[in-house]
Amino acid sequence: MSATVLTASALLLDMDGTLVNSDAVVERCWRRWALKHGLDPEAALKVVHGRQGYATMAVLLPDRPVEENYADNRVMLAEETADVDGVVPIGGAPAFMAAIAGLPHALVTSADSALATARMGAAALPMPDVRVTAEQVGASKPDPEGFLKGAAELGFGAADCIVFEDSEAGIAAGRAAGMRVVGVGPRAAALSPDAHVEDLTQIRVEAAEDGTIRLHIHEA
């Protein structure tokens, strides 16, 4: 196991797969949707993580009118928001969130505000004061818009921010924003993030005297 130290002014945090393990809910809802549309559920689950629902649907059903994807996405969000069975914090997430409580950070998620509130609540994690949810962006990850908005709201440039992400779409968004990326969990391992951890127990947060954040990362 090797140790890496990264320094930043602000942290931008994805939610699903990064702070909250919601895989059980995601798989239940998307398996139902895929079967309803005659698709292979396993193939659907390979592209669902990190994107807003309508963007996943556009990948899986490229010839379908976008209005139908938006309509289906509204139904999907309602189903996911109502279903928090099995939603738990990622390992180390409670201690990690406590460690960064007084430091500049934002939630940047493809979930809408209601879903983010439901899942962070189910996992008993504090909701960051600054958050960028689905309602606030015009383009889903892998577009960098969400991360750039989060950085701007915190008042820092892209180079001063570190993104925490688990998915291919999310890591691509962080890179496109010009930010360094810490990959969290098994999906991130093969995507060459700047650093990779299995969960957040492998990260120690230090607030430096000059106001910067030092991340001591014990990589897998």
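The values are calculated or read from the model by the stated rules, or taken from the named source; none is laboratory data. Note that this is a predicted model, so its numbers are computed, not measured. Note that each Cβ is placed from the backbone with ideal geometry, even for glycine, and that neighbours are counted across all protein chains shown. When the accessible area is computed, the model is the full protein with side chains, heavy atoms only, and any ligands, DNA or RNA have been set aside. Shrake-Rupley method; radii C 1.70, N 1.55, O 1.52, S 1.80 Å.
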Review point. Going through region 154-180 one residue at a time, which ones are touching a Lys or Arg at 6+ places or on another chain (Cβ under 9 Å) and either farther than 29 Å from V66 by Cβ or of a type in the set (D, E) (or both)?
Key: A159, C161, I162, E165, D166, E168
Check your understanding: Could you say which residue among A152, A169, A190 is out of contact with any strand residue (DSSP E or B) (no Cβ under 8 Å at 6 or more places or on another chain), closer than 21 Å to I90 by Cα and open to solvent by 30 Å² or more (accessible area, probe 1.4 Å)?
Key -> A190
**Study point:** Selection status of D85, part of a loop (DSSP other than H, G, I, E, B), acidic (D, E), buried (at least 17 other Cβ atoms within 10 Å of the Cβ) and touching a residue at least 24 places away in the same chain (Cβ under 8 Å)
**Key:** no
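Has region 68-77 got any residue that is over 21 Å from E135 (Cβ atoms) and either out of contact with any Leu (no Cβ under 6 Å at 6 or more places or on another chain) or open to solvent by 50 Å² or more (accessible area, probe 1.4 Å) (or both)?
Here is the first cut: in region 68-77, the residues over 21 Å from E135 (Cβ atoms) are none.
There is no residue in region 68-77 that is over 21 Å from E135 (Cβ atoms) and either out of contact with any Leu (no Cβ under 6 Å at 6 or more places or on another chain) or open to solvent by 50 Å² or more (accessible area, probe 1.4 Å) (or both).
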Check your understanding: Can you spot a residue in region 54-62 that is touching a residue at least 40 places away in the same chain (Cβ under 8 Å) and of a type outside the set (S, T, N, Q)?
Key -> yes
Review point. Which one is least open to solvent (accessible area, probe 1.4 Å) among residues in region 12-45 that are out of contact with any helix residue (DSSP H, G or I) (no Cβ under 9 Å at 6 or more places or on another chain) and more than 21 Å from V84 (Cα to Cα)?
Key: G38
Practice item. Just give me the residues in region 133-157 being in a helix (DSSP H, G or I), of a type in the set (A, V, I, L, M, F, W, C) and over 17 Å from the mean Cα position of the chain (by Cα), in sequence order. Key: A152, L154
Study note, to complete from the structure: Apart from one, (1) assigned to a loop (DSSP other than H, G, I, E, B); (2) open to solvent by less than 20 Å² (accessible area, probe 1.4 Å) all hold for M57; the odd one out is (1)
Revision key, fill the gap. Within region 193-206, the residues that are touching a Lys or Arg at 6+ places or on another chain (Cβ under 9 Å) and either modelled with pLDDT under 95 or open to solvent by 70 Å² or more (accessible area, probe 1.4 Å) (or both) are D194, R204
Review point. So which residues in region 95-118 are part of a helix (DSSP H, G or I), under 25 Å from Q52 (Cα atoms), open to solvent by 20 Å² or more (accessible area, probe 1.4 Å) and not hydroxyl-bearing (S, T, Y)?
Key: A114, A118
